[in-house]
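Only the coordinates and a few stated rules stand behind these numbers; no lab work does. Please read all numbers here as calculations on a predicted model, not as lab measurements. Note that we place each Cβ from the backbone using ideal geometry, even for glycine, and neighbour counts take in every protein chain shown.
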Ligand code: HEM
Ligand SMILES: [Cu+2]
Ligand SMILES: [Cu+2]
């Protein structure tokens with residue numbers, strides 16, 4: 001099977017910042033994990049209401 | 001160790017959510033009285049029939065609107081296999097097992113507890129709607145496990 | 001590929017573990033299909049097979065045997081790949097472990113087939129199986145200790161040879177997994193050796209039921225992390241390479257594994273929440289600890305999305321979600337684990353529901369739970385393992401994952417996902433209506449409550465049967481593909497054609513890893529303290545205030 005080509009090493013030109021990680025754009029990640037968080041809350045709240053309705 | 005700024009947001013959000021969940025169930029359990037079933041009474045599982053209150057299993061009136069149901073679970077049924085309670089009655093179930101592990105479960109309610117031999121487990125329920133309630137065993141107890149049931153008639 | 005030469009002798013050891021694992025899938029999946037069909041009222045079993053006998057075989061062969069064998073096959077291959085070939089001594093120990101486990105597995109399986117052990121994989125006392133069933137299970141555990149010792153030896157040998165260097169992430173995570181496994185299996189080993197075996201032989205008259213259940217669940221919860229951690233190893237270490245990216249953060253990956261060791265063990269009471277004899281306060285304490293073990297999974301979720309996003313952006317993706325389009329969905333090595341990850345979102349969310357103290361009464365021992373573990377271990381873990389199989393087996397046997405085989409793998413993955421979607425959704429919903437787990441076909445004498453479970457679409461036992469049938473087809477395809485990849489796929493003629501064992505490199509921007517993470521004495525010390533806090537008082541109570549024990553009983 002065709003292997004994926006090796007990732008060319010193209011870091012941004014001369015990284016002058018002290019903290020290189022802040023360069024990374026992780027906005028999509030942030031939205032994605034919060035979506036997961038809301039799924040967790042939604043599921044928990046629905047079962048908890050079921051519990052309360054049966055008390 | 002370095003956390004990306006967004007990872008910090010996420011972990012703080014996640015941990016706060018968990019703390020909120022724990023607080024809700026904790027308050028509901030410890031001050032609202034909605035604990036999971038946790039009977040602490042014990043007895044000799046081979047002498048259930050001789051041990052009160054299980055020497056006379058069945059429904060007992062405690063006061064005006066409160067009843068105690070002392071029931072025995074065994075392969076593959078409950079003793080007694082049917083009880084009748086008036087509408088609106090609060091019933092405290094005390095259940096023990098004569099043999100293996102069973103459960104005492106009323107589908108559609110929060111009454112769902114493990115019945116381990118040597119222990120008495122306890123749960124209560126107010127029957128506000130009339131009808132016939134199915135009780136079943138949801139812990140495997142042997143070849144007739146799927147037949148194990150009783151009914152509660154609420155009239 | 002050239003940095004570490006593959007050791008054919010180590011490959012043979014790994015392949016032996018994997019082969020037993022897939023034989024277990026073959027038998028276990030047949031049982032699963034029959035269970036689904038019986039519960040749906042589609043078929044009736046012939047009189048010589050008992051539903052609970054099938055269920056015992058299914059649980060033992062899939063949840064205990066397949067997982068453990070697969071994990072050992074994978075981990076042996078991975079430590080050999082990343083830390084060099086095993087020494088002859090370590091490899092021999094690995095083989096001894098394999099044979100001890102295999103003798104145990106055969107022994108227990110025979111007892112199940114003979115109908116002498118229809119006690120399910122949890123073997124709750126006082127149901128009494130044939131002593132050989134317990135002895136077989138004990139041998140599986142002891143064998144796994146021996147095999148685990150071989151991997152620990154290899155790791156400590158590597159560290160001696162490379163003192164001062166950071167161990168490879170794969171080796172580190174393997175070590176964490178084996179440590180977790182050894183610490184947790186001690187509980188079940190004590191119970192089997194000192195409670196079940198003497199009592200099943202009749203040397204002891206009675207058994208302390210609550211203590212045996214507590215020791216079982218002391219083991220039973222970390223057991224699920226023993227399944228999950230190897231899948232996480234793949235997600236952290238191999239997936240970045242497969243998608244053409246880098247490991248997001250070495251130190252956070254290690255930290256999450258340390259947190260798993262710490263918090264996955266002192267939490268067994270969350271399986272005993274509806275049970276008598278354990279005071280509410282102790283139940284709640286372990287519920288709190290259970291919630292702590294969610295943290296490393298939250299970290300893992302972030303790391304994975306971040307790996308996907310950084311890789312996608314390096315490939316030129318734009319916008320908030322453009323990176324999602326850059327993932328290699330048509331590569332089964334990625335697609336199968338990826339589907340697994342998706343299932344893990346509702347799976348993990350359901351786990352939080354289950355652990356929520358009194359809310360447990362809503363779902364305890366209902367079909368919801370069965371739905372839950374099929375979308376945690378049964379899909380995220382299992383699809384990851386299947387995804388691994390597609391490259392690990394040709395890597396070990398010097399063959400190629402051809403485009404045709406890749407396509408077959410894609411179909412297999414889709415079938416598994418579709419089947420699991422139907423089966424697990426139906427199970428979750430039926431469970432909320434109170435349908436019991438571990439129960440053969442029953443309408444409870446046509447009780448209206450039970451007849452409800454044969455109405456609607458998702459709240460319907462027949463949907464369970466339908467999903468189970470699709471799953472069964474996917475399982476049979478997988479077993480076939482395993483043997484095909486092992487024996488018939490075309491040989492790789494040279495290094496370029498050879499299937500690779502994908503090991504991700506750490507991203508350049510990642511920070512250095514603190515050395516404390518590799519100081520196992522510290523972590524083992526802390527976990528022992530946590531275990532003592534969570535268990536000493538309630539367990540002492542269970543022993544000193546125990547009711548008269550239970551004599552052995554056979555009810556099947
Ligand atoms: C062919 C695919 C599969 C099908 C059709 C299937 C079907 C089922 C069904 C219908 C049950 C419920 C039985 C009951 O509670 O009465 C069950 C239980 C179970 N399954 Fe599966 N399953 C499959 C694959 C798996 C896999 C891959 C695993 C784990 C690796 C797994 C682990 C379990 C466990 C642990 C139980 C519970 C056993 C017990 O309650 O003692 N299954 N399965
Ligand atoms: Cu039962
Ligand atoms: Cu658990």
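Worth a mention:
- The calculated FRET efficiency for residue B:1 paired with residue A:27, based on their beta-carbon distance and R0 = 22 Å, is about 0.45.
- Between 0 and 90°, nearest 10: helix C:520-544 axis offset from chain C longest Cα axis: 0 degrees
- Average 1/r across all pairs of distinct alpha carbons in the protein assembly as shown, invert it, and you get the Kirkwood radius: 27.0 Å.
- Mean separation of Cα contacts under 8 Å, 6 or more apart, over the residue count of region C:416-494: relative contact order %: 44 percent
- Mean separation of Cα contacts under 8 Å (6+ apart) over length of chain B, as relative contact order %: 22 percent
- For chain C, the longest principal axis of the alpha carbon atoms and the long axis of helix C:209-233 meet at an angle near 20°.
- Measure of compaction for region C:286-357 (Cα Rg per 2.2 N^0.38 Å): 1.36
- Degrees between helix B:5-30 axis and first principal axis of chain B (Cα, 0 to 90, nearest 10): 30 degrees
- With q set to 0.09 Å⁻¹, the log10 of I(q)/I(0) for region B:45-154, from the Debye formula over equal scatterers at the Cα positions, is -0.20.
- Calculated [θ] (222 nm, deg cm²/dmol) that DSSP helices of n ≥ 4 give over chain B, each run adding -39,500 (n - 2.57): -6000 deg cm²/dmol
- Taking each DSSP H run with n ≥ 4 as -39500 (n - 2.57) and averaging over every residue of chain C yields -21500 deg cm²/dmol at 222 nm.
- Prolate/oblate/rounded call for region C:299-411, Cα gyration tensor, a/c under 1.5 rounded: oblate
- Region C:224-270: C-alpha gyration tensor shape, a/c 1.5 cut-off, then a/b vs b/c: oblate
- Region C:21-82 and region C:376-392: distance between their alpha carbon centers, rounded to Å: 15 Å
- Restricting attention to region B:45-154, close to 70% of DSSP beta bridges with both partner residues there are antiparallel.
- With R₀ set to 56 Å, the beta-carbon distance separating residue C:19 from residue B:55 gives a calculated FRET efficiency near 0.45.
- Separation in nanometres of the label points that stand 7 Å from Cα toward Cβ, at residue C:49 and residue B:66: 5.2 nm
- Just checking the listed ones, B:23, B:38, B:109: in the Gaussian network model of chain B with Cα springs under 10 Å, the one fluctuating most is B:23.
- Taking the DSSP bridge list for the protein assembly as shown and keeping only pairs wholly inside it, about 70 percent are antiparallel.
- Computed over region C:42-168, Cα set: Rg, Dmax in Å: 18.6, 64
- Whole-number D in µm²/s for region C:464-556 (Stokes-Einstein; Kirkwood sum over Cα pairs; 37 °C, 0.692 mPa s): 153 µm²/s
- Computed over chain C, relative contact order equals 20 percent, with contacts defined as Cα pairs under 8 Å that lie 6+ residues apart.
- By the count of other C-beta atoms within 10 Å, a proxy for reagent exposure, B:2, C:455 are ordered fewest to most as C:455, B:2.
- 20 °C / 1.002 mPa s Stokes-Einstein diffusion coefficient of chain C, Kirkwood radius on C-alpha pairs, µm²/s: 89 µm²/s
- Gyration tensor verdict on region C:193-340 (Cα atoms; rounded if a/c is under 1.5, prolate if a/b is larger than b/c, oblate otherwise): prolate
- Note on region C:194-241: Rg/Rh from Cα positions, Kirkwood definition for Rh, rounded to two decimals, is 1.35.
- Distance between the pseudo-spin-label points of residue C:528 and residue C:548 (7 Å out from Cα toward the beta carbon): 4.0 nm.
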